Amino acid sequence: MCLTGVDYFSTLGYQPGIAFLAAGLLSPLATLVLVALTLFGALPMYSRVAELSPHGEGSLSLLRELLPRWRGKTLILILLGFATTAFVITITLSAADAAAHIIENPMVPIWMRHPIALTLLLLAGLGVIFLKGFREAVGLAVPIVAVYLALNAIVIGWGVQYIWHHPEVLPRWQDALWAEHHNPLAMVVLAMVLFPKLALGLSGFETGVAIMPLVRGDASDTEEHPAGRIRNTRRLLTTAALIMSVLLIGSSLVTTLLIPPAAFAPEGEANGRALAYLAHEHLGEAFGTLYDISTIAILWFAGASAMVGLLNLVPRYLPRYGMAPEWAKATRPLVVIITGIAFLVTVLFNADVTAQGGAYATGVLVLMSSGAFAVALVAWRERKRVLIYAAVTLIFFYTTVVNIMERPEGIKIASIFIVTMITTSLISRVLRSTELRISSVQPDERAAKFIDEAGRSVVRIIANRPDTGTVAEYDGKLREAYESHHLTESHAVLIVEVRLTDASEFVDRLVVRGVTVGKHRILRCTSLAIPNALAALLLHIRDRTGKPPHAYFGWTEGNPIAYLLKFLALGEGDVAPVTREVLRQAEPDPERRPRIHLG
């Protein structure tokens with residue numbers, strides 16, 4: 001919960017100020033709308049996401065299953081672009097805000113008041129902690145969050161008791177509200193219209209499900225259904241949401257009632273640090289400095305939860321789709337790359353918190369909207385609570401659209417991340433397409449018998465495109481092979497057929513079935529790419545028999561460039577040369593490499 005909280009709870013550092021600038025005196029009412037959406041929209045929706053995707057993949061895995069093949073992969077890449085936007089900007093924005101809190105403290109010397117250099121230093125420190133060890137990084141979150149929550153409780157508690165002991169404060173605020181809006185219904189409607197501007201207060205839920213692999217379950221949990229982990233994640237989300245709801249309402253109330261409106265202005269002393277302003281003004285400079293230190297620590301470490309989210313998401317998707325090198329599954333290289341990207345973003349945005357806010361909100365809201373949409377689709381299929389989840393989805397879509405219209409720079413920044421993600425992923429996929437891509441070859445009993453019998457001499461394989469599967473088809477194929485490759489009937493051959501499955505996947509197991517049609521012995525299998533499946537089968541035959549097999553192909557008529565593109569997209573094309581290239585990469589020794597014949 002604390003790892004989620006360094007992201008979620010840290011928004012208290014700037015959320016009250018954002019709320020007042022967006023809604024003015026209506027800030028407490030707009031915050032109530034946000035809390036209602038949190039407890040009755042986001043919390044039930046993400047509890048369902050936790051149940052449907054208990055391994056930390058979040059809503060992305062739900063959409064992947066609902067939209068198969070390249071459509072699903074394309075959507076996943078786009079959403080990964082938004083997720084990367086949200087998580088990277090969480091790291092950079094939080095570090096920049098921490099640097100701003102340091103600079104704004106009156107006790108800080110002038111030589112430290114350089115926002116870009118200070119932000120880069122904080123980012124480097126975060127990266128070093130993750131390079132040192134994942135467990136050390138997670139362990140730091142607990143004391144940071146505990147101290148921060150305690151100090152916020154003191155500040156908000158002081159504000160509530162001050163309002164209680166000064167009964168003129170509340171009526172003054174109510175009078176100002178009536179003078180400005182006149183009608184209670186108009187106030188409620190306006191608060192509902194304005195609440196999307198407060199949407200950063202929802203930022204912790206995606207992180208909450210992203211860190212599910214770290215949540216302890218029961219001893220009876222299974223990989224398919226870890227019931228204990230799901231239950232405990234729901235408790236985590238509920239506890240965090242309840243704590244944050246109380247703090248959001250309390251902070252909005254005390255800051256709106258006790259801070260002069262002018263102090264919230266861009267150059268005002270409470271801008272982006274409303275609770276810190278109260279701590280310094282009313283609880284003394286010593287306590288105010290302690291509060292600043294705690295705020296700086298949690299804002300700096302808010303990037304930790306985002307880092308965990310990226311370290312969980314990227315290895316689960318990109319290497320598995322062949323869209324990143326295998327080393328991207330390792331933690332430390334990813335930490336270095338993410339830290340480098342954070343450095344670049346910080347320099348490009350001059351460590352400006354406001355400039356990054358739009359991209360942060362856009363990334364978070366798009367992910368939450370996609371999660372709501374995925375849960376609504378599942379509910380529609382199951383015919384359960386369809387209207388409830390559909391309503392939640394519409395609210396999140398509305399919030400996202402309003403945010404994008406008001407802050408279009410957010411979608412522009414996110415688009416850069418998306419285009420970069422898709423471009424680098426496709427380049428990686430092309431470069432890795434001629435890897436073996438078959439994790440194991442598993443022949444059934446009859447297929448193994450065919451291979452063993454053929455292995456008494458030279459194993460000869462004829463590749464056949466599956467068609468009718470009749471004796472006449474295979475007789476014709478053999479006659480064609482005998483003529484093209486100068487084989488005779490004394491050469492015993494096996495016919496191999498590969499049927500395509502989902503070519504958008506990258507790695508597969510090859511299950512081989514042995515079939516007899518008339519006098520012909522046939523090895524049948526399904527795979528995501530025909531050349532890779534044939535290469536893996538040939539290597540398996542070599543290892544099983546101890547002899548390099550010979551495979552015979554016919555020339556393909558057509559444009560080789562078109563066939564290359566067909567292989568990359570659909571897993572087929574000019575099979576023979578690609579099979580040979582896969583074998584060349586998989587087996588560097590030409591003497592042990594299976595032989596490819598073209599005729």
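Residue-by-condition table, conditions (1) modelled with pLDDT of 85 or more; (2) over 27 Å from L236 (Cβ atoms); (3) more than 43 Å from the chain's Cα centre (by Cα):
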site	(1), (2), (3)
I163	yes, yes, yes
L185	no, yes, no
A191	no, yes, no
P196	no, no, no
L200	no, no, no
V209	no, no, no
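How many residues, within segment 349-393, are in contact (Cβ under 8 Å) with a residue 60 or more places away in the chain, of a type in the set (V, I, T) and over 30 Å from L120 (Cα atoms)?
4
Out of A359, A304, A328, I need the residue that is over 28 Å from L34 (Cβ atoms) and either in a helix (DSSP H, G or I) or modelled with pLDDT under 75 (or both). Which one?
Step by step, each of A359, A304, A328 is checked, and only A328 is over 28 Å from L34 (Cβ atoms) and either in a helix (DSSP H, G or I) or modelled with pLDDT under 75 (or both).
Do we have F417 as of a type outside the set (V, I, T) and at pLDDT 85 or above here?
no
Hey, can you tell me all the residues within segment 284-301 that are part of a helix (DSSP H, G or I), open to solvent by less than 50 Å² (accessible area, probe 1.4 Å) and more than 16 Å from Y14 (Cα to Cα)?
Matches in segment 284-301: F287, T289.
Of the residues A390, A447, only one is assigned to a helix (DSSP H, G or I), within 24 Å of the chain's Cα centre (by Cα), among the small types (G, A, S) and more than 30 Å from V345 (Cβ to Cβ); which?
Unique residue meeting the criteria: A390.
Give me the pairs, please: first residue somewhere in segment 100-129 and touching a residue at least 40 places away in the same chain (Cβ under 8 Å) and more than 19 Å from M307 (Cβ to Cβ), second residue anywhere and open to solvent by 60 Å² or more (accessible area, probe 1.4 Å) and β-branched (V, I, T), beta-carbon distance under 7 Å, and either six or more positions apart or on two chains.
I116/V347
Return the pair list, or none, for Cβ contacts closer than 7 Å from residues in segment 486-504 that are surrounded by 13 or more Cβ atoms within 10 Å (Cβ to Cβ) to residues that are among the aromatic types (F, W, Y), at least 6 apart or on different chains.
From residues that are surrounded by 13 or more Cβ atoms within 10 Å (Cβ to Cβ), the pairs are L494/F450; I495/Y474; S504/W70.
Based on what the data block shows, is L3 modelled with pLDDT under 85, open to solvent by 10 Å² or more (accessible area, probe 1.4 Å), over 28 Å from the mean Cα position of the chain (by Cα) and not aromatic (F, W, Y)?
no
Would segment 113-124 turn up any residue that is under 14 Å from the mean Cα position of the chain (by Cα) and open to solvent by 10 Å² or more (accessible area, probe 1.4 Å)? Talk me through it step by step, then tell me what you get.
Step one: filter segment 113-124 for residues under 14 Å from the mean Cα position of the chain (by Cα), giving none.
Scanning segment 113-124 turns up no residue that is under 14 Å from the mean Cα position of the chain (by Cα) and open to solvent by 10 Å² or more (accessible area, probe 1.4 Å).
How many of the residues making up segment 213-262 are assigned to a loop (DSSP other than H, G, I, E, B), open to solvent by less than 60 Å² (accessible area, probe 1.4 Å) and of a type in the set (A, V, I, L, M)?
Counting residues in segment 213-262 that are assigned to a loop (DSSP other than H, G, I, E, B), open to solvent by less than 60 Å² (accessible area, probe 1.4 Å) and of a type in the set (A, V, I, L, M) gives 2.
What do you reckon, is L311 closer than 22 Å to A95 by Cβ and either touching a helix residue (DSSP H, G or I) at 6+ places or on another chain (Cβ under 9 Å) or not in a helix (DSSP H, G or I) (or both)?
In short, yes.
Any residue that is in contact (Cβ under 8 Å) with a residue 24 or more places away in the chain, open to solvent by 30 Å² or more (accessible area, probe 1.4 Å), assigned to a helix (DSSP H, G or I) and charged (D, E, K, R) - is there at least one of those in segment 64-75?
yes
Can you tell me how many residues within segment 528-567 are of a type in the set (A, V, I, L, M), under 19 Å from S439 (Cα atoms) and either at pLDDT 90 or above or surrounded by fewer than 16 Cβ atoms within 10 Å (Cβ to Cβ) (or both)?
The total comes to 8.
Of the residues R71, R135, R113, which single one is of a type outside the set (D, E), modelled with pLDDT under 80 and under 25 Å from Q356 (Cβ atoms)?
Just a single option satisfies the conditions, and that option is R113.
Test each condition in (1) touching a residue at least 24 places away in the same chain (Cβ under 8 Å); (2) open to solvent by 20 Å² or more (accessible area, probe 1.4 Å); (3) out of contact with any Leu (no Cβ under 8 Å at 6 or more places or on another chain) for A448 and report the one that comes out false.
Only one criterion is unmet by A448, namely (2).
State yes or no: is R48 of a type in the set (D, E, K, R) and either buried (at least 19 other Cβ atoms within 10 Å of the Cβ) or at pLDDT 85 or above (or both)?
Yes: the conditions hold for R48.
The values are calculated or read from the model by the stated rules, or taken from the named source; none is laboratory data. Because the structure is predicted, anything quoted here is derived from the model rather than measured. Quick reminder, even Gly has a Cβ in these numbers, built from the backbone with ideal geometry, and neighbours come from all protein chains shown. Surface areas here come from the heavy atoms of the whole protein model, side chains and all, with no ligands, DNA or RNA. Shrake-Rupley method; radii C 1.70, N 1.55, O 1.52, S 1.80 Å.
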